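Have a look at the structure below before the remarks.
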Amino acid sequence: MTAATTTPTPPRTGPRAAIAAKTLRKDRWRLEPTAYAILFLLFVGYVAWAAWENADYYARPYLSPLYSPCLASICANVRAGSHIVHPPRVGFIGTWWAVSPALLALIIPGGLRTTCYYYRKAYYRAIWRAPQACGVAEPHRRYTGETRFPLILQNLHRLFFILALLVNGVLTWDAFESFRWPGGWNMGVGSIILTLNAALLWMYSLSCHSCRHIIGGRLKHFSRHPVRFWLWGVVSKLNQSHMQIALVSMVWVALTDLYIRMVAVGWIPNPRFF
Amino acid sequence: MSYDLTLNIWRGDANGGDFAEYVVPAEEGQVVLDAVHRAQATMANDLAVRWNCKAGKCGSCSAEINGRPRLMCMTRLSSLPQGEPVTITPLRTFPIIRDLVTDVSFNYERAKQVPAFTPTAEQPQAPFTMHQVDVQRSQEFRKCIECWLCQNVCHVIRDHEENKEHYAGPRFFIRYAELDMHPNDALDRKEFVQDVQGLGYCNITKCCTEVCPESIKITDNAIIALKERVVDAKYDPVVRFFRRRRPRSASSE
Amino acid sequence: MPEETYEHHPYDVVVIGAGGAGLRAAVEASDAGAKTAIICRSLLGKAHTVMAEGGIAAALGNLWPEDNWKVHFRDTMRGGKLLNNWRMAELHAKESPDRVLELEQWGALFDRTPAGKISQRDFGGHRYARLAHVGDRTGLEMIRTLQQRAVALGIDVFMELTVTDLLKDGERIAGVLAYWRESGKFVVFESPAVVLATGGIGKSWKVTSNSWECTGDGHALALRAGAALLNMEFVQFHPTGMVWPLSVRGLLVTESVRGDGGVLRNSEGKRFMFDYIPEFFKAETADSVEEADRWYDDKSNNRRPPELLPRDEVARSINSEIKAGRGSPHGGVFLDIASRRSPEFIKRRLPSMYHQFKELADVDITKEPMEIGPTCHYVMGGVEVDADTQVSRVPGLYAAGEVAGGMHGANRLGGNSLSDLLVFGRRAGEFAASYVKSLGAGRPKISEADLKRAVGEALAPLQSGKAEENPYALHQELQETMQDLVGIIRVEAEIQEAIGRIAALQARATRVSVDGGRRYNPGWHLSLDLRNMLLVSQAVAIAALERQESRGAHTRDDFPMTDPYWGTQNIVLELKAAPDGGAPTLTKRRQELPKAPPELAELLEGEH
């Protein structure tokens, strides 16, 4: 009989069960990440092309959201299509900015979506494969998550959220402008598209996790802040559909640009109801 | 109505192992744990399996069923593809003890590191006056039955053993969120959870939420909320600016 | 065979069991300065307490200021058919409010009243809404809070360790022998004080709400160590367990369903409980549907619905309805809350019930009634202990919670279990620690011979090598025996038959052998548990035969009336060495019930 005193539950680091397969899932787990990867690549590809074009983003009275707010003075650089009567507002930045102004305009919405908690989940899974699906081994040898540069910058999400509210203001103004015509009012397919676009972007921003936190999530006592508690409830409801809103608003932005672009180059007419 | 069900159960220990096949009679309304018990009682008396309540309340019978982390007692046979064998393996993230039983002491060690609930100076002694709206966020996290499925599925440690040193895992993030949202808790654990417990390793890919048998919205309601609170304390440029002018805690109202 | 080696751990107090009582005892002992260890058979936080749903009964008076310990005392004693140990019932009623507040102090988050106090809910047998709760997962909240408290205090927890024997030095406790489930290796705890907090015995019945851990280990350990068991015939059948699918038969459906407005109906759609109001409770029970329905909102002017009679009454009534052929398709009756409360209310108040039926039975309880029937739930009997200190007859051996007897008399009220764990867990821890202090240097010692014998017995199932009996098969036979012959309704001939069958099973159990080695071998574990289950089942059967009356949870078809003589008698069981020096046998004895002092006795009289 030997005497030994040990701790009750010594932490052990033995080997794991020797199971060679990277996953034993039998369902079609590849479907979702693949579908998202295709969608994101299509979207990024289209936006990159459209933003680089630096043309055909205005068809009176509609301005593509990819180019709004139109900051550089080369915003005047619009191909004079058959429908175009006057160029959009001239920007503030001046003539030194040589490439497409969309590249400036897209910093904020791009930053917002890149640091968005939903998109992070989606692209970490679909593009970065960390992990591709639950219970599927990821291919990377090391993993440090969001603890160091550059991914630690994901913590700036709320900064983009606040700036995006300003952008939403501008896009709302664009939607309002889409109802105006020199000397009167306008109502066309484009007005509806732009209005919906602005609405979706508001919903996307307001349903975001940072918004939910700022509006009320950070409080310790809801009972002392009834108004913020109520607002938090509203945002929390919206937040449950954050993913759907994120995807719909993203696709809608691209479609809005596409519509204006097609009108601008004259591929389709620009119907006005009045 | 009884039918024959084929189970492929991983059997072995730290020295290795392999799948063993058992064909057991199964009945309508049964769960995976029933079938495993049947195999144990009639064909493999020494089949190691951890279980307790068989009612989804204790969180003991965690395993991976057809590659997905589940509670065996809450997985109905009818929810699995019919006519196909059912594969059952132990939790992958933790050291194997035997058959379906793993050594989950990692989690109990992490539990010891949580700075305990500490009442505020305003209400140091129970009974506390606390309102339902103020306790219900934390109550959601206290539904946790500690089945460790979220810990097991989280790729941060599932695929990277070396991260176990730096990372507490989803179960403990909901614990820290619970304490941070407790209406009468005085401690600030935000820097601790970020710097020592590894909150930053989480890349919010939501597998923890996907496997939670209690349907706790781990990611949306706890981890993201906690990340945002950490931003308040550590990263927010606006808050930092104001804090320098008017020194006070970021979490106070 | 190489010589067995053991791990040795010296402690002041060893607590066996990490449910509510065990954790509370350990916290108290540790606070009192004793070096304390907790031993649990499962992982920490998985104990059966986690299954408790409804709430913790404590006369906080948060919703009904009229409520106080005296009313709680009266309810408890009347619910127990006055067979309770009056002193325990008194301590319980007086101390439970403080114990609940302690949990809040340690971080528990109970549901709140509009004023921000701990909310309380209605339950069977309680005059006022009295149960502090968190939805329908109160046990989880309690065990988590205590577990976190124990961890914060740095108490050593030995997980997945099973105790096989208590070791003595003369009359006094000297330590504990246990084995790691993982490795099968033995561990010896040298400790002069041991707190049994091992919970119940339900795993000896076929239809039970209990988990595999409820094998009566503590009852059996106490008997073998020379302590006595009290009133083991009182085994509570909870009226509402699931009946379908078979896989989950017996799984608990919380009494809160009825507390929150649910009613029982038979296959004809009739609220049958109005037909079963016993004389004893006539004065405090509503006799019309209208009055019963008004009670939920106005307790001062209306009497309680009969669905909220104590559990023994409701379980028997359900049993009668089923026997009369008015049962549901799967052999239960209907529990209906869908037609009485809104889906939102049901989901908010009863989330785990909603989830449980949805996941396991494909039943949406906000739309359809549940099918339920009685299920073995709780044992009122247990180790005979001193009311104030929880010490058994063996110096150094304490018992608290379900394993201790006396507190609940012939029938336990819902919600009184969790408060029992807290009140008497704390007391056991406190007095165990002070007992150890009083010993000074004169601590008992473990004898090498005792240790060798105990280890030999524990290893027997692995060494016979003949594979004559399968422990799983024996367990199943025991469950069928107890279910069929010592169930809700009992009769002499059947109990006699059960005693015979248990004896036969005990003989066969000595020939059990299992495959595999000692490393995490459930077959071996069950073989050892089986020995305890058989001893405890035997105790239940002997006591059930002895008590020739019907009272509380003990119903004798051949003695259907409550007998005033038996209302003064406890039945005590002990293991006594056989005169011829053979194996010790279980012997029974009647013992006078302690009488309540006049000032308490008068609380029990008349209407309130």
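The values are calculated or read from the model by the stated rules, or taken from the named source; none is laboratory data. None of the values given here were measured: they were computed from a predicted structure. Every residue, glycine as well, gets a Cβ built from its backbone with ideal geometry; the counts of neighbours run over all protein chains shown. Protein only, heavy atoms only, side chains kept; ligands, DNA and RNA dropped before computing areas. Shrake-Rupley method; radii C 1.70, N 1.55, O 1.52, S 1.80 Å.
Quick rundown of the values:
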item	result
Debye, to nearest 20: dipole size of the stretch C:448-562, +1 on Lys, Arg Cβ, -1 on Asp, Glu Cβ	460 debye
For chain C: accessible area per residue (Å², 1.4 Å)	32 Å²
Simple label model, 7 Å out from Cα along Cβ direction - residue A:114 to residue A:39, nm	2.1 nm
Under-5 Å amide H pairs with residue C:156, H placed in peptide plane, nonlocal only	C:36, C:38
Interchain or long-range residues, amide H under 5 Å from residue C:134's placed H	C:111
Part-to-part distance (alpha-carbon centres) for the stretch C:157-178 and the stretch C:83-156, which is given in Å	30 Å
Per residue value of the accessible surface for the stretch B:98-165 (all protein chains in place, 1.4 Å probe), Å²	33 Å²
Computed [θ] at 222 nm, helices only, for the protein assembly as shown once each DSSP H run of length n ≥ 4 contributes -39500 (n - 2.57)	-11500 deg cm²/dmol
List of the stretch A:140-155 residues, accessible area with partners at least 40 Å² below that of the chain alone (1.4 Å probe)	A:143, A:146, A:147, A:155
Accessible surface buried upon A-C contact (total; probe 1.4 Å; Å², nearest 100)	1000 Å²
For chain A, with +1 on Lys and Arg beta carbons and -1 on Asp and Glu, the positive-most of A:175, A:258, A:111 along the dipole	A:111
Protein accessible area in the protein assembly as shown, 1.4 Å probe - carbon and sulfur %	57 percent
Of C:168/C:595; B:54/B:206; B:190/C:437; C:46/C:347; B:54/C:282; B:112/C:203, pairs whose Cα-Cα distance is over 30 Å	C:168/C:595; B:190/C:437; B:54/C:282; B:112/C:203
Mean-position separation - Cα centroids, the stretch C:390-461 and the stretch A:231-252, in angstrom	57 Å
DSSP H segments from chain A that extend 24 Å or more along their own axis, Cα-based, with Kyte-Doolittle mean of -1.0 or above	A:31-53, A:157-177, A:189-206, A:242-264
Options C:523, C:498, C:537, ranked by Cα towards positive dipole end of the stretch C:448-562, top entry (Cβ charges)	C:523
Check: chain A dipole with +1 on Lys, Arg Cβ and -1 on Asp, Glu Cβ, in debye	1220 debye
Of all DSSP beta bridges in chain C, antiparallel share, percent nearest 5	65 percent
Delta accessible area of at least 30 Å² on complex formation, residues of the stretch B:193-218, 1.4 Å probe, chain isolated as reference	B:200, B:201, B:203, B:204, B:205, B:207, B:210
Buried accessible area, chains B and A (both chains, 1.4 Å probe, Å² to nearest 100)	5400 Å²
Size of charge dipole - chain C - debye, nearest 20, with Cβ of Lys, Arg +1 and Asp, Glu -1, no other charges	540 debye
Dipole of the stretch C:242-375, positive end: most advanced residue of C:324, C:263, C:242 [Cβ charges, Cα centre]	C:242
Ordering of A:250-261, C:508-519 by burial proxy (mean other Cβ atoms within 10 Å per residue, highest first)	A:250-261, C:508-519
Area accessible to solvent at residue A:124, 1.4 Å probe radius, in Å²	10 Å²
Candidates per GluC sites (Glu not before Pro) in the stretch C:150-231, loop by DSSP, up to 15 other Cβ within 10 Å	C:171
With Cα atoms, 0 to 90° folded angle of helix C:416-439 axis to chain C main axis	30 degrees
Accessible surface, per residue, of chain A when the full set of protein chains is kept, probe 1.4 Å, Å²	49 Å²
Degrees between helix C:69-79 axis and first principal axis of chain C (Cα, 0 to 90, nearest 10)	80 degrees
Pair residue C:592, residue C:345: separation of 7 Å Cα→Cβ label points (nm)	5.2 nm
Chain C, relative contact order in percent, only Cα pairs under 8 angstrom and at least six apart counted	21 percent
Net charge of Cβ neighbours under 14 Å - reference residue C:325; Lys, Arg +1; Asp, Glu -1	+1
Mean Kyte hydropathy of -0.5 or more with a Cα span along the axis of at least 15 Å, helices from DSSP in chain B	B:32-42, B:170-181
Environment charge of residue C:544, counting only residues whose C-beta is closer than 13 Å and scoring Lys/Arg +1, Asp/Glu -1	-3
Contact surface C-B: accessible area buried, both sides summed, square angstrom, 1.4 angstrom probe	4800 Å²
At least 30 Å² of accessible area lost relative to the chain alone, listed for the stretch C:12-50 with a 1.4 Å probe	C:43, C:46, C:50
